[in-house]
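**Student:** My questions will all concern the structure given below.
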Amino acid sequence: MTSLSPGLYIVATPIGNLGDLSPRASEVLAHADLIAAEDTRVTATLLRHIGAKRPMQPYHDHNADAVRPALIARLAREAVALVSDAGTPLISDPGYKLVRDARAAGHPVVTIPGPCAAIAALTLAGLPTDRFLFMGFLPAKQGAKAAAIAEVATIRATLVFYESGPRLAATLAALGDGLGDREAAVTREITKRFEEAVTGTLSTLAARYADAPPRGEIVVVVGPPGEAPPASAEDADAALAEALTRLPASKAAGEVAKRLGLDRKALYARAMEMKR
């Protein structure tokens, strides 16, 4: 590759092990007209690794609104690569507005996929991966943190959080309080020499790290809630009573059967008794 067509290139970079930089990502970074980097010092290290030197422009939360218009204008004639400090840009990093505005202006947007700490942690955790929700960093303040956890407490999916060592034990305890004592994993230093995934319940993990906060970048993976208990007769009667205020008995029985996972015929018989 000797040149790149004008446009925006979303380039995933290593989360620890520089050997994870793909050949395609190396080529794009080596030939981009400009690299928009979250921290140019971090990206400079990566460029030295591949033996390249390219112009860079800081692009992060604090300057994005001011810098973005000029970057969009350059896309008409230049290849601009967007990178974060580590991993896939836009995942808990600034960037989606740049992609949105580039596409709105009619410029090509190309992704060069690669490392992502959230996905890597899921592969290490040994928890269900058929459905998962990425939550990024929880708020620092206790009340806001509890509210954010409460929002997702009933979602039947594995949850993925980013966290720092000093906050880890408190976050694990808050997750236990808000979600129940679920199975979880604390993964850290992913792809690095001391990579580890420690598994257990949220309470045991909170106790483990209470007096020994770990170093390194951390991803917490929390399993989905257990199966909901079967609906009781009281639950069925309450649901039927409400449904009968707006539906005939047969439709009320069908609606409640579907919602609570109960037998429709039995519910219809009960609905007729209640009507009498």
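Where a number appears in this text, it was derived from the coordinates with a stated rule and is not lab data. All values reported here derive from a predicted model rather than from experimental measurement. All Cβ positions, glycine included, derive from the backbone under ideal geometry; neighbour counts span all protein chains shown.
**Student:** Using Cβ counts within 10 Å as a stand-in for footprinting exposure, how do Thr201, Thr43, Thr154 rank, fewest first?
**Tutor:** Thr154, Thr201, Thr43
**Student:** Okay, next question. If every alpha-carbon in region 175-263 counts as one equal scatterer, what log10 I(q)/I(0) does Debye give at q = 0.10, 0.11, 0.15 1/Å?
**Tutor:** These q points yield log10 I(q)/I(0) values of -0.50, -0.54, -0.67.
**Student:** List the residues, sorted by chain then number, that are 5 or more residues from Ile15 or on another chain and whose placed amide H is less than 5 Å from its amide H.
**Tutor:** Placed amide hydrogens put Gly87 under 5 Å from Ile15.
**Student:** Right, something else. Once phi is turned into θ = phi - 60°, what whole-Hz ³J(HN,Hα) does the Karplus curve with 6.51, -1.76 and 1.60 give for every residue of region 58-63, x standing for Gly and Pro?
**Tutor:** x, 9, 8, 4, 7, 10
**Student:** Also, I was wondering about something else. Considering the dipole of the chain built from charges on the beta carbon (Lys and Arg +1, Asp and Glu -1) around the Cα centre, which of Ala148, Ala271, Val222 is farthest to its positive end?
**Tutor:** Farthest towards the positive end: Ala271.
**Student:** Same structure again: P(r) for the chain, please, calculated from all Cα pair distances in 10 Å bins and given in %.
**Tutor:** 6, 23, 22, 20, 14, 9, 5, 1, 0
**Student:** What are the lysines whose alpha-carbon lies under 19 Å from the alpha-carbon of Lys251, with same-chain residues fewer than 8 places away excluded?
**Tutor:** Hits, sequence-local ones excluded: Lys265, Lys275.
**Student:** Below 9 angstrom from the Cβ of Pro58, what's the summed charge of the other residues (Lys, Arg +1; Asp, Glu -1)? List each step's numbers first, then the result.
**Tutor:** On the way: positive: none; negative: Glu38, Asp39.
Net charge around Pro58: -2.
**Student:** Okay, next question. What is the chain's relative contact order, in percent, from Cα pairs under 8 angstrom and six or more apart in sequence? Numbers along the way, then the final one.
**Tutor:** Numbers: 484 pairs, mean separation 45.2, N = 276.
Relative contact order, the chain: 16 percent.
**Student:** On a C-alpha basis, how far is the centre of region 58-110 from the centre of region 1-50 in Å? Whole number, if you could?
**Tutor:** With region 58-110 and region 1-50 each reduced to a Cα centre, they are spaced 14 Å.
**Student:** Within 15 Å, Cβ to Cβ, of Thr13, how many net charges do the neighbouring residues add up to if Lys/Arg are +1 and Asp/Glu are -1?
**Tutor:** Numbers: positive: Arg24, Arg41, Arg48, Arg54, Lys192; negative: Asp20, Glu27, Glu38, Asp39, Asp85, Asp93, Glu217.
Net local charge, Thr13 excluded: -2.
**Student:** Under the definition of Cα pairs under 8 Å and six or more residues apart, what whole-number percent is the relative contact order of region 98-238?
**Tutor:** Details: 209 pairs, mean separation 39.1, N = 141.
Across region 98-238, relative contact order equals 28 percent.
**Student:** Moving on. Which value, in Å to one decimal place, does the Kirkwood hydrodynamic radius take for region 2-154 when every pair of different Cα atoms is included? Please report the intermediate quantities before stating the final value.
**Tutor:** Working: mean 1/r = 0.0598 Å⁻¹.
Kirkwood radius, region 2-154: 16.7 Å.
**Student:** A further question on this structure: Cα-based Rg of region 118-222 per 2.2 N^0.38 Å, rounded to two decimals?
**Tutor:** Normalised Cα radius of gyration, region 118-222: 0.96.
**Student:** Can you list residues whose amide H is under 5 Å from Leu82's amide H, if they're 5+ apart or on another chain and H is modeled 1.01 Å from N?
**Tutor:** Tyr9, Ile10, Val11, Ala36
**Student:** Oh, and also: From the P(r) of region 2-72, could you give the percentage of C-alpha pairs in the tail past 19 Å? Let's see the in-between values first.
**Tutor:** On the way: 807 of 2485 pairs.
So the portion of pairs separated by more than 19 Å is 32 percent.
**Student:** Report relative contact order for region 7-115 in percent, whole number only (criteria: Cα-Cα under 8 Å, sequence separation at least 6).
**Tutor:** Averaging sequence separation for qualifying contacts and normalising by length gives 45 percent for region 7-115.
**Student:** Now for a different question. Can you give me the P(r) profile for region 75-178? Cα pairs, bins 5 angstrom wide beginning at 0, each as a whole percent.
**Tutor:** 2, 10, 17, 18, 17, 14, 10, 7, 4, 1, 0
**Student:** So what's the back-of-envelope 222 nm ellipticity for the chain, counting only DSSP H runs of four-plus at -39500 (n - 2.57) apiece and dividing by all residues, rounded to 500?
**Tutor:** So the calculated ellipticity at 222 nm is -13000 deg cm²/dmol.
**Student:** Show me the ranking of peptides 79-90, 264-275 by mean Cβ neighbours inside 10 Å, starting with the highest.
**Tutor:** On the way: 79-90: 24.2, 264-275: 15.2.
Ranked by mean Cβ neighbours within 10 Å, highest first: 79-90, 264-275.
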